[in-house]
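S.K.: Sending over a structure as structure tokens; questions will come in a sec.
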């Protein structure tokens, strides 16, 4: 309740305060979440896995604070989306047709073209992590390749769900909540076959029958569902990650597409994808917006930690 109240305060201030003031205030508010016991426990457990058993408590605490800073900035990006992104990328889609703009950089842009060619008229599945400015990434992808459909869980915080949905529709991003219908996969397959792009986060795991995979210092569950979707549709998976640079600019990293064909083993596909997740968490540990405990040995606490979906 405390964490959600603080997030609601960020949303409220975003409508009236200057951009830099909102970002500063959001970071201060985000740091306060560390003192919520369940949140602190999840953050420190994750930091232990990411940094290793030999890491000190201070190192783990510093990483936890960094994650909360990133979480606050990602929420601020969402709050200020209409104000900032229109000014930075313009209303004309052509304003982001170049791989590099004043505010956003697309790294390895050729992988988007490669996935498009490989799809051969169909769409493809873009898989990411809740990392950096996740919502900005899906909206910018929609400006570059339309239509984009995001697969997500509805957030129990009504004010956040309303804000997120409103901003997505403006860019536009179509939405399918996996908890709204047992037949959502049929709709997604139709969208892929008609050339649309489906975007989802790789941590969409436990809710969709995750399986264990080696991950950093331990074992974690990831769902086979992204691979099953791509294999059933016979389309590639494009790993994509939106990360924040030190100057607060955003970079979309596009990795080499993973080819999927009907009849492929979804487990084998995920064995190629999970190491990509691992690489990005190692490279940007403070930007992985994972506040609940994620690894298997901390399953009991994962149901009690702070959680506000960014998907």
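The numbers here are math on the coordinates, done by the rules we state, and not lab data. All figures in this text were calculated on a predicted structure; none of them were measured in a lab. Neighbour counts run over all protein chains shown; Cβ positions are idealised from the backbone, glycine included.
S.K.: Taking 0.36 nm per residue of sequence separation and subtracting the Cα-Cα distance, how much length would be gained by fully extending the chain between residue 279 and residue 17, in nm to one decimal?
M.R.: Result: 90.6 nm gained on full extension.
S.K.: Say each of residue 262 and residue 54 gets a label point 7 Å from the Cα, pointing the same way as Cα to Cβ; how far apart are those two points in nm?
M.R.: Between residue 262 and residue 54, the simple spin-label model gives 5.2 nm.
S.K.: Please report the antiparallel percentage of the DSSP beta bridges confined to the stretch 2-302, to the nearest 5.
M.R.: Of those bridges, close to 40 percent are antiparallel.
S.K.: May I pose another question? How do 290, 242, 131 line up, fewest other C-beta atoms within 10 Å first? The partial results should precede the final answer.
M.R.: On the way: 290 20, 242 25, 131 29.
Going from sparsest to densest Cβ surroundings: 290, 242, 131.
S.K.: Work out how much length residue 9 to residue 146 would gain on full extension: take 0.36 nm times their residue separation and subtract the Cα-Cα distance, in nm to one decimal. Please list the in-between numbers first.
M.R.: Numbers: separation 137, 0.36 × 137 = 49.32 nm, distance 3.29 nm.
Length gained between residue 9 and residue 146: 46.0 nm.
S.K.: Arrange 135, 259, 110 by Cβ neighbour counts within 10 Å, fewest through most, would you?
M.R.: The most exposed by this proxy come first: 110, 259, 135.
S.K.: May I ask for the percentage of alpha-carbon pairs in the stretch 167-247 that lie more than 16 Å from each other?
M.R.: For the stretch 167-247, the share of Cα pairs beyond 16 Å comes to 63 percent.
S.K.: Another question, then. Considering Cα pairs under 8 angstrom that are at least six residues apart, work out the relative contact order of the stretch 2-302 and quote it in whole percent.
M.R.: Dividing the mean separation by the residue count of the stretch 2-302 yields 24 percent.
S.K.: Could you please rank 288, 295, placing first whichever residue has the fewest other Cβ atoms within 10 Å of its Cβ?
M.R.: Numbers: 288 27, 295 19.
With the fewest neighbours first, 288, 295 line up as 295, 288.
S.K.: Further, regarding this structure: In Å and on Cα atoms, what radius of gyration and Dmax does the stretch 144-284 show?
M.R.: 15.7, 45
S.K.: So, how do all the Cα-to-Cα distances of the stretch 2-302 break down into 20 Å bins, in percent, from 0 on up?
M.R.: That works out to 34, 61, 6, in percent per bin.
S.K.: Would you calculate the separation in nanometres between label points at residue 217 and residue 249, each defined as 7 Å from the Cα along the Cα-to-beta-carbon direction?
M.R.: The answer from the label model is 3.4 nm.
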